[in-house]
Amino acid sequence: MVLFVDILRAIASVLLIFSAAFYLRHLGKTKKLRKLSTIEFTMYILIQIAYGLFAISLLISVFINW
């Protein structure tokens, strides 16, 4: 049961990462066409920060568990 939950959590994480990537790409294209609204700009910044934190945590987990 624990393995099943871990697999579901991994699938959910991958789906969230991909959906955030596509939304970030959409916001980047929208930013070139017009000025982003306050909510769009906030999401644009938060997604970039989240990707940075995710990359840092991934690097830490890789180098700590070697």
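What follows draws every value from the coordinates through simple rules; no lab data is involved. These figures come from a predicted structure and were not determined experimentally. Here Cβ is always computed from backbone atoms with ideal geometry, including for glycine, and neighbour counts include all displayed protein chains.
Computed values, structure above
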item	result
Rounded to 10°, Cα long-axis angle of helix 2-33 versus longest principal axis of the chain	20 degrees
Per-residue [θ]222 nm for the chain (sum of -39500 (n - 2.57) over DSSP H runs n ≥ 4, rounded to 500)	-32000 deg cm²/dmol
Cα-centred dipole magnitude for segment 2-64, charges only on beta-carbon of K, R (+1) and D, E (-1), debye, nearest 20	460 debye
